[in-house]
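The values are calculated or read from the model by the stated rules, or taken from the named source; none is laboratory data. Note that the coordinates shown come from a computational prediction; the quantities given were computed from them, not determined experimentally. Please note: Cβ atoms are built from the backbone with ideal geometry, for glycine as well, and neighbour counts cover all protein chains shown. Ligands, DNA and RNA are stripped out before the accessible areas are found, and what is left, the full protein with its side chains, is counted by its heavy atoms. Shrake-Rupley method; radii C 1.70, N 1.55, O 1.52, S 1.80 Å.
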Amino acid sequence: MTDSDREAQPWWRSAVFYQVYPRSFADGDGDGIGDLAGVRDKLGYLELLGVDALWISPVMRSPMADGGYDVSDPRDIDPLFGGMRALDTLIAEAHVRRIKVTMDLVPNHTSAEHPWFTAALAAAPGSPERARYHFRDGRGPDGAEPPNNWPSIFGGPAWTRVPAADGRPGQWYLHIFAPEQPDLNWDNPDVLADFEQTLRFWLDRGVDGFRIDVAHGMAKPEGLPDMPEVDTSRLLAHDSNDPRFNNPGVHEIHRRFRKVLDEYPRAVSIGEVWVDDNVLFGEYVRPDELHLAFNFRLAEIGFEAAAVRDAIENSLAAVQPVGAPPTWTLSNHDIEREVTRYGGGAVGVARARAMILVELALPGAVFIYNGAELGLPNVDDLPEAALRDPMWERSGHTERGRDGCRVPMPWEGDAPPFGFTTGEPWLPMPADWAALTPEKQLEDLGSTVSLYRMAIELRGMRKEFAGADLAWFSTPDGVLQFRRPGGMLCVLNTTGAPIPLPAGEFLLASVPLELGHLPANAAAWLV
Ligand code: TEU
């Protein structure tokens with residue numbers, strides 16, 4: 001890509017985003033929980049890694065019932081993370097290093113401690129205060145049954161009953177996530193007006209855009225009908241027929257968000273859109289809606305060439321008709337880490353290294369979850385007493401939840417907490433992570449973090465990565481090969497044996513190459 005091509009495009013079209021899960025990234029004040037001072041302290045590392053932008057998971061005021069995804073004041077930073085000054089400093093210093101800062105906003109619900117919800121609880125059924133949420137009378141005698149059969153994503157019913165008042169039976173309120181996260185009623189004009197204010201508030205402070213939580217939520221179907229089928233064995237999953245998500249009214253909401261974003265030409269919006277159907281997914285990134293939407297196909301599959309190709313083709317097919325760039329993600333704070341998903345141990349790491357080369361070879365925006373660049377695995381043996389994800393309690397201790405991918409980052413030294421904090425980390429850290437710290441890995445050219453650095457740098461500077469498309473080569477089972485219009489060729493080997501490499505100048509590989517061969521569980525870039 002030439003410099004003028006690059007300038008003609010908005011910065012986010014091919015950006016490498018780095019997701020900071022702030023509780024787990026770096027702790028600046030020694031309370032055991034990561035914060036914005038910790039992020040600031042690591043900006044040099046992030047610059048070295050070469051990422052274009054940060055996506056910081058929510059840092060607004062929150063009682064932290066769901067790691068900050070329960071927001072009690074959307075226009076303030078929680079003191080736990082350092083308050084407003086910490087954000088202002090971080091934005092200023094990140095910008096000096098040419099790193100953009102995007103924040104995570106949560107429009108689908110508030111915290112139960114948001115002043116609107118406290119007011120709604122104190123007010124009568126039918127009041128304007130209750131109309132900002134979804135309050136309903138229950139079904140059955142005395143309204144003792146929930147208004148419909150929807151389950152919460154975290155287990156149990158999606159409804160909680162509030163106490164009776166004025167001789168009337170207690171009503172129920174809707175929460176698709178935890179009871180501490182009541183769903184907002186997006187048919188109520190107060191809700192949009194407040195959210196528009198929130199967008200402008202952060203954009204005026206210099207934020208470069210937003211990741212929009214549950215961007216396929218918000219709108220609810222008329223009358224809140226029962227779900228046709230309730231499968232509580234797959235709590236987090238939801239398909240296209242699920243009335244809790246992806247209701248047509250959501251698109252008008254995105255159009256309204258976009259109008260505000262268009263007042264700030266630098267800003268990007270990235271929606272969390274768990275919608276499988278390509279046509280329905282593409283609707284979220286039409287020219288007057290979100291700029292980008294997370295496509296989770298690569299995060300949902302194992303290490304198998306045909307599945308990888310299918311995920312890539314579908315992700316491209318979903319956005320091409322509407323002209324939006326594709327996005328790629330192998331993991332985030334809700335998903336098992338890729339090293340573990342690919343089998344764990346040395347093989348899992350080798351496969352994760354191969355897959356980051358595939359991902360960074362693709363056109364569009366790439367999202368890296370903090371710790372992926374260190375090759376961190378999931379931590380699946382956290383003691384039960386340590387678990388903090390609301391899923392653990394809500395599921396009646398049948399689902400351990402997502403803490404295993406949220407264990408704090410190891411930075412330096414030979415024993416936990418590896419420089420993450422001077423205190424006690426909020427989740428215990430495995431003693432065998434000593435070799436995974438940036439301190440150890442940065443000086444080793446063969447390390448995973450060095451591979452990420454080199455790959456990000458090449459992707460940003462080589463003209464062979466130009467073009468919004470790719471061409472596939474027919475290959476034997478277990479092999480994937482594609483070329484970008486600029487000439488970059490990516491080969492992935494998911495077979496159990498080495499394969500001959502095609503001719504070409506070697507650019508980078510996830511493993512040392514052996515005499516023109518690509519070993520198993522590896523990928524290479526050629527030009
Ligand atoms: O996640 C929303 C969401 O739908 C996920 O729970 C999804 O179902 C799951 O990850 C599929 O594996 C967002 C945030 O990313 C998550 O951390 C929050 O808990 C949730 O919203 C509520 O705000």
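Given just the C-alpha atoms of segment 306-459, how large is their convex hull per residue in cubic angstrom? Residue-normalised Cα hull volume stands at 140 Å³.
Taking the charge dipole of segment 297-367 about its Cα centre, with +1 at Lys and Arg Cβ atoms and -1 at Asp and Glu Cβ atoms, the residue from VAL319, ALA350, PHE303 reaching farthest to the positive side is ALA350.
What does the charge dipole of segment 100-218 about its Cα centre add up to, to the nearest 20 debye, if the Cβ of each Lys and Arg holds +1 and the Cβ of each Asp and Glu holds -1?
On the way: 10 positive and 16 negative charges, 20 e Å.
The calculation lands at about 100 debye.
Computed with every protein chain present, the accessible area of GLU93 is close to 60 Å² [probe 1.4 Å].
Let's see if you can work this out: charge +1 on each Lys and Arg Cβ, -1 on each Asp and Glu Cβ, no other charges. What is the dipole magnitude of segment 430-527 about its Cα centre, in debye to the nearest 20? Don't jump to the answer; show the numbers that get you there.
Numbers: 7 positive and 10 negative charges, 72 e Å.
It works out to roughly 340 debye.
So, in nm, how far is label ASP31 from label HIS95 when the simple model puts each one 7 Å beyond its Cα toward the Cβ? So the label points at ASP31 and HIS95 sit 2.7 nm apart. When the Cα centres of segment 173-221 and segment 387-404 are compared, how far apart do they sit, in Å? Cα centres, segment 173-221 to segment 387-404: 25 Å.
The ASP73 and GLU304 beta-carbon pair, evaluated with R₀ = 41 Å, returns a calculated FRET efficiency of approximately 0.35. The residues of the chain have, on average, 38 Å² of accessible surface per residue, using a 1.4 Å probe with all protein chains present. Computed over the chain, the percent of Cα pairs more than 46 Å apart is 11.
Largest accessible area first, the listed residues VAL101, VAL96 line up as VAL96, VAL101 when surface is computed with a 1.4 Å probe on the assembled protein chains.
If you place +1 on the Cβ of every Lys and Arg, -1 on the Cβ of every Asp and Glu, and leave all else neutral, what size is the dipole of the chain about its Cα centre, to the nearest 20 Debye? Write down the numbers at each step before the final one.
On the way: 47 positive and 77 negative charges, 201 e Å.
Here the size comes out at about 960 debye.
Cα convex hull, segment 384-455: 110 Å³ per residue, rounded to a whole number. Between ALA317 and GLU113, the contour length at 0.36 nm per residue exceeds the Cα-Cα span by 69.3 nm.
Residue order by solvent-accessible surface for ILE368, ILE33 is ILE33, ILE368, largest first, with ligands and nucleic acids left out and a 1.4 Å probe.
Once every DSSP H run of n ≥ 4 in the chain is given -39500 (n - 2.57) and the sum is divided by its residues, what mean residue ellipticity at 222 nm do you get, rounded to the nearest 500 deg cm²/dmol?
Value at 222 nm, helices only: -7500 deg cm²/dmol.
Here the calculated FRET efficiency for ASP137 and GLU336, from their Cβ-Cβ distance with R0 = 41 Å, stands at 0.55, rounded to the nearest 0.05. Surface composition of the chain: carbon and sulfur make up 51 percent of the accessible area, probe 1.4 Å. Using only Cα atoms, tell me the angle between helix 83-96 and the longest principal axis of the chain; keep it within 0 to 90° and round to the nearest 10. Helix 83-96 sits roughly 30 degrees off the main axis of the chain. Each of GLY143, GLY167, PHE154 was placed along the dipole of segment 117-174 (beta-carbon charges, centred on the mean Cα), and the one lying farthest toward the positive end is PHE154.
Using R0 = 25 Å, the C-beta based FRET efficiency linking ASP187 and ALA124 works out to 0.80.
For the set TRP328, TRP172, solvent exposure ranked by accessible area (probe 1.4 Å, protein chains only) runs largest to smallest as TRP172, TRP328.
Relative contact order, percent, of segment 400-493 when contacts are C-alpha pairs under 8 Å separated by at least 6 residues? Show your work: numbers first, answer last.
Values: 116 pairs, mean separation 14.8, N = 94.
Relative contact order of segment 400-493: 16 percent.
The label-point distance for GLU229 and ALA415, in a model that sets each label 7 Å from Cα toward Cβ, rounds to 5.4 nm.
For the pair PHE506 and GLN9, label points projected 7 Å from Cα toward Cβ lie 2.9 nm apart. Here segment 487-524 is scanned for amide nitrogen atoms under 12 Å from the site 7 Å beyond the Cα of LYS463 along Cα-to-Cβ, giving 487.
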